[in-house]
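Just below is one structure, and these are the notes that go with it.
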Amino acid sequence: MTMTVSTQVCVVGGGPGGLSLALLLARSGIRVAVVEQSGHFNRSFRGETISPDCAYLLNEMGVLEQARDRGYLQVRRMEIDDGGRRVLNVDFGDFDYPQRYPLEIPQHNLLETMLGEARQHESFTFLPRTRVTGLRYSGDRVSGVQATGPDSEVEIDATLTVAADGRYSKLRAMAGLDFRTIPQDRDVVWLKTPFPDEWERSTYRIRLRGDRNGVFLPTYPDMVRVGFNIPKGGLKEIRRSGIGGLHERLDELAPELKSIVRSEVDSWSATSVLDIFTTVVPTWQRPGFAVVGDAAHTFSPILGQGVNHAIVDAVDLAPRLARALRGADAREAADHATAAFQRDREAEVRTTRSLQLRQEKAFTLGNPALVLLRQRLYRTAERVTALRDAVFRRIYFRIQRQHKHRSVHA
């Protein structure tokens, strides 16, 4: 038996970008179906960092307070230590914006909030535990998806199909969109530990030592999310030395965690490895189909931009689609809307990508002279307030700085 669903927009992927888009469309009265292959949102080492601009947008969407009520941490400071010395110290309270502090919100808390809001609208359909197996076509136009659900095959007819299925997007490949992957010089090992007693719990910590680096992020309710670099493809090499090799690498970067790591991380099963790369997708759409979020522009984890750009994509695209799908020729209008969406978003994506690539290079410098230059640059940003503020406004406060106080509702 096959279940058939007819909708205006089919969103594949129930992550932050996909559910944000679906929620905004459903509020506008657009029929939208979300296909999500998992049966739950409680997955480890998913993006939890919400930038101040992203918090601003979530507040405009009316979901920030509910997500915070489920549990969150507010980040007040960022510290960068290089070679054992503090080279940059930033207090987010110094920035005068409506939302000035980054937030750490467990992704399942955010997604459950969005899903609950979306389910209040009759135009919204959610299909969990459903895996897309192929695209449907009408001529050369994508007209929906074929999928396998928990109880039956599923056929979804849609005016527009949006792939929000992440950095390894299968839908992007199914649609034949070209893309180029730019590998970075490192991969990242992720793990979680309790807080050491001497650490204040509302601070981002970045530790650099030569070409080795680590980020230490407060994580709700009482843990530290740790990510440290290894050479690209170097997992097998470090694992040959046993779990002691992991302990020793962290000792270099965060000696405060020495006893905690040894008691809490006693096998490699407590870790996750993220393959670091950037993806460039020249064209984000074809007739009846578009990509958003990581499927359109995969970033590295530097500065925690993946979730934030996915939500910005949704906020930008939703009102365009809502207007297009109310018109007489909805298919052509939807295609024009997705093309305009890419044109308007590409500059910001390029800027973020360029900034991340420069930071990736800076974090993995091994030459002593270049390390010294890196330290001097950070110290200059520490001393020259205008320079520091300009950099952080560009990363975290672009939307609020431009006074985009328009509603995010279509």
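The values are calculated or read from the model by the stated rules, or taken from the named source; none is laboratory data. Quantities reported herein were computed from a predicted structural model and do not represent experimental measurements. Neighbour counts run over all protein chains shown; Cβ positions are idealised from the backbone, glycine included.
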* Structure fact -> Within the range 1-38, restricting to residues that are over 20 Å from the mean Cα position of the chain (by Cα) and in a loop (DSSP other than H, G, I, E, B), the one that is surrounded by the fewest Cβ atoms within 10 Å (Cβ to Cβ) is Met1
* Evaluate the following for Phe299: is it over 30 Å from Ser138 (Cβ atoms), within 26 Å of the chain's Cα centre (by Cα) and surrounded by fewer than 18 Cβ atoms within 10 Å (Cβ to Cβ)? => no
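Here's the yes/no breakdown for (1) closer than 22 Å to Tyr396 by Cα; (2) polar (S, T, N, Q); (3) not assigned by TED's automatic domain parsing to the domain that holds Thr161:
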residue	(1), (2), (3)
Glu104	yes, no, no
Gly116	no, no, no
His121	no, no, no
Pro128	no, no, no
Gln146	no, yes, no
* Does any residue of the range 242-257 turn out to be surrounded by fewer than 15 Cβ atoms within 10 Å (Cβ to Cβ), without any contact (Cβ under 8 Å) to a residue 40 or more places away in the chain and at positive phi? -> yes
* Structure fact -> Taking the range 378-400 and keeping only residues that are under 22 Å from Asp313 (Cβ atoms) and of a type in the set (S, T, N, Q), one is left with Gln400
* Asked: Looking at the range 185-212, which of its residues are in contact with a Ser or Thr (Cβ under 7 Å, 6 or more places away or on another chain), of a type outside the set (A, V, I, L, M, F, W, C) and outside any loop (DSSP other than H, G, I, E, B)?
  -> Arg186, Lys192
* For Arg129: the one exception among (1) under 24 Å from the mean Cα position of the chain (by Cα); (2) in a loop (DSSP other than H, G, I, E, B); (3) on the phi < 0 side of the Ramachandran plot -> (3)
* **Checklist (1) surrounded by 17 or more Cβ atoms within 10 Å (Cβ to Cβ); (2) touching a helix residue (DSSP H, G or I) at 6+ places or on another chain (Cβ under 7 Å) applied to Gly134, failing item** => (1)
* To do: Considering only residues that are within 21 Å of Ser269 (Cβ to Cβ) and either without any contact (Cβ under 8 Å) to a residue 12 or more places away in the chain or among the polar types (S, T, N, Q) (or both), look in the range 196-237 and name the one that is surrounded by the fewest Cβ atoms within 10 Å (Cβ to Cβ).
  => Lys236
* Of all residues in the range 156-184, count the ones that are touching a Phe, Trp or Tyr at 6+ places or on another chain (Cβ under 9 Å), part of a helix (DSSP H, G or I) and among the charged types (D, E, K, R). => 1
* Answer with yes or no whether Leu111 is over 30 Å from Arg376 (Cα atoms), under 20 Å from the mean Cα position of the chain (by Cα) and surrounded by 14 or more Cβ atoms within 10 Å (Cβ to Cβ). => yes
* To do: Have a look at Asp389, Asp316, Asp344 and point out the one that is in contact with a Lys or Arg (Cβ under 7 Å, 6 or more places away or on another chain), part of a helix (DSSP H, G or I) and assigned by TED's automatic domain parsing to the domain that holds Gly93.
  => Asp316
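Yes/no matrix, rows are residues, columns are (1) under 25 Å from Val281 (Cβ atoms); (2) surrounded by 13 or more Cβ atoms within 10 Å (Cβ to Cβ):
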site	(1), (2)
Thr338	yes, yes
Glu348	yes, yes
Thr352	yes, yes
Leu365	no, yes
Ala381	no, yes
Val384	no, no
Asp389	no, yes
Phe392	no, yes
